[in-house]
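The next block holds one structure in the form of structure tokens; read it before the comments.
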């Protein structure tokens, strides 16, 4: 049996994204030397939302952005049942000397972010790489990776699933925690 | 999306349509990687691949090795000319010796049809058939079909004529299987003496007139005349073959439409293709070579995904 609980609703997601944007502005000011990079596939939705909001707040419609596909950089190719189906690698600028903000929806073991950092380095040597995540599942990390900007911290059991739904694919913005009952 | 339905790439015949589509989708992404400043990805860093070539090859061997290196696999190469095969070692013994060195994947080109199927039944490694005698050459068919998909957007309902020595050609057989799986219409053209007996069972018909074949098709895949596989003469002379089945600019200009010319290489210039056609905008021969890296890349990547974790 499955039990679901909503941990962020549509309104709270709007507020959280707005706060994250202001935190980004505190560090990146006008975003002249900053590139926002969503992690394919699910980080791209959050990346787009943040980009839209930032453009309104800082009145800059030229914030550099892209999406990184980590398929070929993962460490679990021979440890999974399902095939890795690559998404589009959408980075059309050099990251040499840039301040990169990696954006993903859920930070869990940290392995995807490790792969994403690896993939980023093929586009040049960034000056810095930061991490923004909507949900941080702390205490579940396999690698020493911590986010710089966090929407919400959640303490969940390893068997529980965090599901982030976006209007673009399910018709509603919300974050759920799904517990599997014995 | 589900995984590949096969554990080895032995022939296109054994693949499902969804397998071909998965390979192509993955190859699309690899083509992006080719344009990155750093073209190497770490996917297969814990995999060792042995390329065993019991027959000569230039393009296939080079493009495979490049794809394997781009994927960070460790690669060992073997050519039968300089090996113990000359001393009478059997295929199975050779391969088992190589496997004892902990090799995960074997890419095999062999003059005997069925050699790769035989290996897949007898050794514990992923096998890729890089051409087995006159049987199949699946990676060539994948890259040819991928090149058509790239040029036209899709393969479905396209008309392809394969011209030349169909009897001895593994490229022709694999291409027929692959193109038909994706919904294309395939016919062949060439002298009757170079047509296999059971063409009908493949659902393919034969043109003996080149002009008619070209008028029918959207794409002509022109095969090399394989003089090394002809122990008897199947046609009177190369000159006669060239006059009847060689494609030159004159015959292309006489058609009332533009067609695409493909060739798996190496070209016998002046025999099956004239230089002005081979070097023209009609030809996508160099695109085929470029895709000759992208399609093996995706195939190896997907097959490696089926190796059980360490």
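Every number in this text was worked out from the coordinates using simple rules, so none of it is lab data. Computed from a predicted structure; not experimentally measured. Note: ideal-geometry Cβ built from the backbone for every residue, glycine included; neighbour counts use all protein chains shown.
Overview of values
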read-out	value
The protein assembly as shown - Rg (one decimal) and Dmax (whole number), Cα, Å	26.8, 82
Helix axis angle, B:17-34 relative to chain B longest principal axis, alpha carbon, degrees	80
Degrees separating the helix B:138-152 axis from the principal Cα axis of chain B, which is the longest one	60
Dimensions in Å of segment A:22-136 - Rg and Dmax from alpha carbons	14.1, 46
Cα pair distances of segment B:167-253 binned at 5 Å [whole percent]	2, 12, 25, 25, 21, 11, 4, 0
Three-way shape label, segment B:29-76, alpha-carbon gyration tensor, a/c 1.5	oblate
Candidates A:53, A:167, A:152, ranked by Gaussian network fluctuation over chain A, Cα under 10 Å, top entry	A:167
Choice from B:136, B:258, B:68 with maximal GNM fluctuation in chain B (Cα, 10 Å cutoff)	B:258
Cα centroid separation - segment B:60-77 against segment B:104-166, whole Å	17
Against the rule of thumb 2.2 N^0.38 Å, how large the Cα Rg of segment A:1-60 comes out	1.34
Beta bridge orientation in the protein assembly as shown: antiparallel %, DSSP, nearest 5	15
Compactness relative to 2.2 N^0.38 Å, alpha carbon Rg of chain B	0.99
Relative contact order (%) - segment B:1-87, alpha-carbon pairs under 8 angstrom, separation at least six	26
Segment B:138-289: C-alpha gyration tensor shape, a/c 1.5 cut-off, then a/b vs b/c	rounded
Segment A:4-32 residues near the modelled residue A:59 label - backbone nitrogen below 18 Å, point 7 Å along Cα→Cβ	A:22, A:25-26, A:29-32
Between segment A:1-69 and segment B:173-251, the Cα center-to-center distance that results, in Å	57
Relative contact order (percent, whole number), chain A, Cα cutoff 8 Å, 6+ residue spacing	27
Helix-only [θ]222 nm of chain A, DSSP H runs n ≥ 4, -39500 (n - 2.57) each, per residue, nearest 500	-8500 deg cm²/dmol
Cβ neighbours within 10 Å from other chains - mean over A:78-89	6
